[in-house]
Amino acid sequence: MKRIFFVIWFLITVASFFVIGNYCQNYYSDSFYSEKVDFEDSIAYNLRENSFEQDIVVDNDNFSGVNLYFTRPGDAFIDADYVEGYVKFELFDEKNNLVDGYNIEYLFYDSGRDRIRIKVPTISDSKGKIYHLKLSSYRDFGSLFFTLAKKTNDSYGETIINDEASEYGIVYESLYDGVALKTLMMVIAGVISIIIFVALLFIFKVTKLENIYLLIAMTCGIVLIFVANPYYGFDEADHLAHIYGISNGQILPERSEEGWPIVRVPGEFTDVLVNNYQRISQHIGSEADYENYFENNMEYTGVYSPLSYVFQVPLMWMARLATNRALVWSYIVRFGQLLIGVFLTREIIKRAKVGQKIFFAVALLPAYMCAMSFVSADCIFSIASLALFSTILNIINGHAKFNKKHAVLLFICALFAAVGKLMFFPLIFTLFLIPMTTKKKQDYKRVIMMILPILAIVLIWNLIAAPYMVSAQGINSGHQISYYLTNPIELIQLLAYSFFNSFGNHMSDLFGGRNAWYGPTINDGSLLPIIFAAIFALIVMNEKFEITKRQRYLILAIVGIEIACIMGSMLLVCMPPYHNEIVGIQGRYFTMLLPLIALLVVRKKNNLQYDFWRYVPATLLLCYLIYLLRFIVRMCSF
């Protein structure tokens, strides 16, 4: 069996290298104005009547094409939603020899600015040479008119057009085959593959479940931290800004002149764009600029309490003492959070006498790994929730007593689970599973005395922090509540439609680690979410323990209430009035419902006759090999 896994590892590695080679092809140079257009006289340009010509001075070797940016006059779309353009492309060298040429048929939609990417075979010795670009129409009908692009900023905030003297022009940026970048990515991919291979060798020798988790989680988590760019996690830049503010004693955001909740952070921290390795290398050595503070908008993360960042605030203090390089702070906080999170999770798995495999499976899902590896409030919430469920299961199955020691532990776990992420407070009602098992009145009283102060803290913090939740639609919360209270049937229809219409996307997000709407994702076009979901389902079916029918009803009610809280929160915070679907729901929100759903499924007798468990750890590790290599692909092709 070991040989089969090693063969699979080798094939996956080779295939991943091939994918990276295909994706990691281009990076962008500086951009220039077109020089052969009379900007004052030829604002509207007709490719049918006039050809467009441009000299391109190439700055580097491995020249591989150009991107052309332009806008069109609005009257081109009076009778249609789009205009067809028939563009003939030709590129000549300095001796007027044709380098390449072909026809492009392109649909230009009525949406403002457009871009055409024109590729040519890579020219290895292109540095310092001048190439002549010519565009014209290759059909007698369907003239393409366009307005020369105004000087503007691209989507990443960098000026595309550098010539301050000109106001209009076709903007182009030259493309270069990223040979050095491609080589770097290959090296990184090779190192990761070797690390995973070594971890595979150790997995076959490690027998205890908590140590298998520690090996996989630390191996993949450390790689994940340094492969993924800073601020890649969900609202990670905003969480870091909030942590920075709390480390300075600023518990709540301040208000900007426009009324937005903000935290002021030094320049070169959360205000820099580091979406690929090239940008990281440009900013990694920059020191925090305390003379130019950046106002970080906190419209979504300003509501989190200091309890949500109980790990990260001390780590931020340590990072600021260790170095003044602002970008390094994020890596230090990430790494420290991973160490604390993984070792605490290991202890939870180790001490779980019941449902150990379920907690192991949840802790190795990509969504949970992202919570440990990327800075967010999800880390403490996830750990506290797992510890809460694990302790409760130990007590109701007779492996621990409900004494003062465990009551204090349960109170702390429930407090961090409820306050760590406010919309998850219904999870604390799982505490009632204990008195339902012991059937003692004093245990009911003890649980109630634990829950009431937690609910009071949640309510008080909500009242304090709610004014700082100035989201896009949050200002309509009162209107939404009054409308749906008077129209409950519409509310039920809205909740049902929103849940079932996006169920597939939520499950893909839950088991894939990212959201489908969140730009390029690591699970696009991948079977990874299905594989992780299948592994989790098999592990649950392989577990065996028993809970009573009444306890199942309570768990089912808690799951239903929690789903309603998630959807209701998004309805009030994110959804425009009278929208036909609730927006803002994310698959990761359901991660901590998985242990509860597993409790509804497991039985006293093992549901599977075949013991596949010995193959699970190696399979998970191989899945993470693909997962991490796809991360590299994303960083190359952004």
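The values are calculated or read from the model by the stated rules, or taken from the named source; none is laboratory data. What you are looking at is a predicted structure, and each value in this text was computed from that prediction instead of being measured. Please note: Cβ atoms are built from the backbone with ideal geometry, for glycine as well, and neighbour counts cover all protein chains shown. Note: accessible area is taken over every heavy atom of the protein model, side chains too, but ligands, DNA and RNA are not part of it. Shrake-Rupley method; radii C 1.70, N 1.55, O 1.52, S 1.80 Å.
If I go through segment 377-420 residue by residue, how many of them are open to solvent by 30 Å² or more (accessible area, probe 1.4 Å) and either under 21 Å from Arg334 (Cα atoms) or among the small types (Gly, Ala, Ser) (or both)? Residues in segment 377-420 being open to solvent by 30 Å² or more (accessible area, probe 1.4 Å) and either under 21 Å from Arg334 (Cα atoms) or among the small types (Gly, Ala, Ser) (or both): 2 in total. For segment 230-245, filtering for residues that are farther than 20 Å from Leu339 by Cβ, of a type outside the set (A, V, I, L, M, F, W, C) and open to solvent by less than 10 Å² (accessible area, probe 1.4 Å) leaves 3. Among the residues of segment 546-565, those identified as surrounded by fewer than 16 Cβ atoms within 10 Å (Cβ to Cβ), over 20 Å from Thr591 (Cβ atoms) and in contact (Cβ under 8 Å) with a residue 40 or more places away in the chain are Glu546, Thr548, Arg550, Arg552.
Whether a residue is under 22 Å from Leu422 (Cβ atoms), open to solvent by 10 Å² or more (accessible area, probe 1.4 Å) and not small (Gly, Ala, Ser) was assessed, and Phe311 passes this test.
Do we have Ile358 as farther than 28 Å from Ala288 by Cα, of a type outside the set (Asp, Glu) and buried (at least 24 other Cβ atoms within 10 Å of the Cβ) here?
So Ile358 passes the test.
Selection of helices (runs of 4 or more DSSP H) fully inside segment 441-510 by the criterion of at least 3 residues being within 30 Å of Thr391 (Cβ to Cβ), modelled with pLDDT of 75 or more and open to solvent by 70 Å² or more (accessible area, probe 1.4 Å) returns 441-465.
Just to be sure before I move on: is Glu581 surrounded by fewer than 18 Cβ atoms within 10 Å (Cβ to Cβ), within 25 Å of the chain's Cα centre (by Cα) and not small (Gly, Ala, Ser) in the structure I sent? Taking the combined requirement at face value, the residue satisfies it.
Residues of segment 418-440 being touching a residue at least 60 places away in the same chain (Cβ under 8 Å), assigned to a helix (DSSP H, G or I) and not β-branched (Val, Ile, Thr), which ones?
As a first pass, look at segment 418-440 and keep what is touching a residue at least 60 places away in the same chain (Cβ under 8 Å): 419-427, 429-430, 432-433, 436-437.
Okay, now just the ones that are also assigned to a helix (DSSP H, G or I), so 419-420, 422-427, 429-430, 432-433, 436-437.
Within segment 418-440, Gly420, Leu422, Met423, Phe424, Phe425, Pro426, Leu427, Phe429, Phe432, Leu433, Met436 qualify.
Residue-wise test of (1) open to solvent by 50 Å² or more (accessible area, probe 1.4 Å); (2) under 22 Å from Ser305 (Cβ atoms); (3) at pLDDT 75 or above; (4) in contact with a strand residue (DSSP E or B) (Cβ under 9 Å, 6 or more places away or on another chain).
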site	(1), (2), (3), (4)
Met185	no, no, no, no
Ile212	no, no, yes, no
Met218	no, no, yes, no
Ser247	no, yes, yes, no
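The residue of segment 299-336 that is modelled with the highest pLDDT, among those that are of a type in the set (Ser, Thr, Tyr) and within 27 Å of Gly259 (Cβ to Cβ), is Tyr309.
Looking across Val328, Val333, Val342, one residue alone is surrounded by 24 or more Cβ atoms within 10 Å (Cβ to Cβ) and either farther than 30 Å from Asp289 by Cβ or aliphatic (A, V, I, L, M) (or both). It is Val333.
Restricting attention to segment 89-97, does a residue exist that is under 30 Å from Ile123 (Cβ atoms), open to solvent by less than 20 Å² (accessible area, probe 1.4 Å), modelled with pLDDT under 75 and out of contact with any helix residue (DSSP H, G or I) (no Cβ under 8 Å at 6 or more places or on another chain)?
Within segment 89-97, none of the residues are under 30 Å from Ile123 (Cβ atoms), open to solvent by less than 20 Å² (accessible area, probe 1.4 Å), modelled with pLDDT under 75 and out of contact with any helix residue (DSSP H, G or I) (no Cβ under 8 Å at 6 or more places or on another chain).
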